[in-house]
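I have placed the structure first, in the form of structure tokens, so that the comments after it can refer back to it.
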Amino acid sequence: MRFFEDEDFRVLTALEMAMRNHDVAPTALVERIAQLPRGGCRKRLQDLLKRKFIHHENTAYDGYSMKYAAYDFLALRALSKRGTVTGAGSRIGCGKESDIILVQDENGNDCVMKLQRLGRCSFRSVSRNRDYKGNGKTRRGESWFYLSRLAAQKEFAFMKMLYDEGFPVPKPIDHNRHVVVMELVKGTLLNHIQDMAGHEHKVYERCLALMVRLAEHGLIHGDFNEFNIMITDDFRVIMIDFPQMVSTDHRNAVELFDRDVQNLANFFSRRFRVETLLHPSLEKDVERTAALDRQAFASGFFTKKQQMELEAMLEEEVDKEEDEEDEEDETNDDTQEATTETSVAVKSRHEDPAKEAVKEDNAGDEEDGGEEDDTDSMSETDTIAETKRQRLNQVRRDVKDNPNLVGNGVINMEYVKKRMKSVVKRSEDREFNRNMHRNSQKGRAKERIQRELKNTKDFSLFD
Ligand SMILES: Nc1ncnc2c1ncn2[C@@H]1O[C@H](COP(=O)(O)OP(=O)(O)OP(=O)(O)O)[C@@H](O)[C@H]1O
Ligand SMILES: [Mg+2]
């Protein structure tokens with residue numbers, strides 16, 4: 001930061017503004033916003049490029065885009081001007097979507113700075129999906145920086161609200177762009193603990209109690225797993241990360257709650273051999289007593305619209321990542337099966353396929369009749385009649401072979417109900433497996449990044 005001059009800051013701010021509407025901001029636009037004396041902006045841009053803070057593209061037009069290093073610089077400068085961050089130390093944690101850095105506040109206390117890095121693991125797909133035209137926006141106009149800012153905004157808003165309500169979360173200190181500054185939690189990540197010396201049942205129950213208490217306040221974590229929970233020396237449970245937190249009014253609330261409970265049960269049984277019959281459910285065991293979900297959106301830090309935007313975009317990215325993970329074959333098979341079965345079920349909703357076919361034929365007759373008048377050709381009429389007969393026979397055969405119908409075309413309700421139940425169950429199982437897969441992928445990606453970082457000898461904050 002010391003090596004930056006005010007002009008660098010001006011140019012980067014101009015670039016940030018120009019990137020609101022462009023993935024790659026045209027150089028001329030950046031120059032116009034920065035309003036530096038002639039040629040000054042270009043020189044600064046080249047200098048920043050050399051220092052790898054920005055990226056240059058000259059394919060569709062001459063332009064620049066920021067890298068996370070530049071965005072970090074802008075956020076850090078704002079935070080240090082406010083006095084909330086006075087010095088940065090080493091990187092103490094690294095997730096799939098964030099870097100955690102030890103910093104000091106104005107009183108010299110150790111804090112944690114979380115820099116959101118959404119898209120870090122999907123930069124391949126970002127560059128592939130880059131769109132220079134269409135107003136220069138990525139997909140619907142969001143860039144990774146915008147997404148990271150939204151994520152940080154959400155994290156700060158929820159952390160503040162939960163902290164004020166007395167939930168075990170780190171104390172939020174400040175927020176700017178994609179960065180959240182918070183209290184340093186003195187504890188160990190649940191995933192790093194191999195042995196709890198007999199305290200595992202207590203910790204497990206505390207985790208479940210926390211989940212239920214959250215739900216009573218109208219919130220579901222959505223990703224309550226060993227990577228997002230820290231355990232203190234006196235075995236208290238602290239939630240450090242809640243990117244997917246949703247309201248208990250969410251349309252999938254019951255499943256999401258159930259999934260969190262199930263994931264936690266799986267982890268404790270796998271790692272600590274804790275077998276339990278405790279399995280709280282949202283419908284039976286949770287009585288809502290507060291509405292933190294509504295309060296969060298009403299606080300103004302993070303609106304409901306932003307939540308929906310973030311949810312939709314993250315969902316889109318997860319799907320894209322999964323597509324890239326060679327899952328295609330498996331998914332295709334499943335989808336095909338589901339489509340066939342659903343189509344069977346849908347088909348059975350028709351009153352009687354034979355009648356339907358006759359109806360279709362009649363409709364065809366009307367059209368065909370017009371043509372016949374025009375052509376008046378006997379042979380053509382014969383051919384049409386023959387085709388109709390064949391189709392009718394085919395439909396009758398189908399009706400006979402169709403297990404959804406009994407003999408004369410009446411729906412076999414027993415069978416159809418059974419099939420529909422199995423389709424629904426299968427799709428639920430698929431959703432559950434998908435989430436399990438997503439979690440394990442997340443763990444793997446994190447380990448990879450940590451490995452890569454270990455191999456990088458000279459670490460700097462702006463890597
Ligand atoms: N307040 C904190 N105090 C101490 N350590 C922290 C704090 N916040 C995060 N960490 C550390 O940083 C790591 C990553 O944090 P976090 O879960 O917030 O990021 P993430 O990108 O969501 O990671 P993941 O994908 O693993 O969930 C954690 O595993 C934890 O070890
Ligand atoms: Mg996390």
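The values are calculated or read from the model by the stated rules, or taken from the named source; none is laboratory data. Here the structure is a predicted model, which is why all the values come from computation and not from measurement. Here the Cβ is made from the backbone with ideal geometry for all residues, glycine too, and neighbour counts use every protein chain on show. The area values use the complete protein model at the heavy-atom level, side chains included, leaving out ligands, DNA and RNA. Shrake-Rupley method; radii C 1.70, N 1.55, O 1.52, S 1.80 Å.
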### Task
Identify all residues within region 27-70 that are free of Cβ contacts under 8 Å to residues at least 60 places away in the same chain, not charged (D, E, K, R) and not in a helix (DSSP H, G or I); write none if there are none.
35, 36, 37, 39, 54, 55, 56, 58, 63, 64, 65
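Matching residues to (1) basic (Lys, Arg); (2) modelled with pLDDT of 90 or more:
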{"position": "5", "(1), (2)": "no, no"}
{"position": "17", "(1), (2)": "no, yes"}
{"position": "22", "(1), (2)": "no, no"}
{"position": "25", "(1), (2)": "no, yes"}
{"position": "47", "(1), (2)": "no, yes"}
{"position": "67", "(1), (2)": "yes, yes"}
{"position": "71", "(1), (2)": "no, yes"}
{"position": "90", "(1), (2)": "no, no"}
### Message
For region 1-26: of the residues being among the basic types (Lys, Arg) and part of a loop (DSSP other than H, G, I, E, B), which is surrounded by the most Cβ atoms within 10 Å (Cβ to Cβ)?
### Response
20
### Residue among 202, 171 that alone is closer than 30 Å to residue 13 by Cα, surrounded by fewer than 17 Cβ atoms within 10 Å (Cβ to Cβ) and not small (Gly, Ala, Ser)
171
### Query
Within region 171-197, how many residues turn out to be touching a helix residue (DSSP H, G or I) at 6+ places or on another chain (Cβ under 7 Å), within 16 Å of ligand 2 (Cβ to nearest atom) and assigned to a loop (DSSP other than H, G, I, E, B)?
1
### Summary
Within region 205-222, restricting to residues that are within 16 Å of ligand 1 (Cβ to nearest atom) and free of Cβ contacts under 8 Å to residues at least 40 places away in the same chain, the one that is surrounded by the most Cβ atoms within 10 Å (Cβ to Cβ) is 221
### Flag for residue 457 being at pLDDT below 75, within 30 Å of residue 88 (Cα to Cα) and either assigned by TED's automatic domain parsing to the domain that holds residue 262 or open to solvent by 80 Å² or more (accessible area, probe 1.4 Å) (or both)
yes
### Task
Could you pull out every one of the helices (runs of 4 or more DSSP H) wholly within region 223-334 that has 3 or more residues that are of a type outside the set (Ser, Thr, Tyr), at pLDDT below 75 and within 16 Å of ligand 2 (Cβ to nearest atom)?
304-324
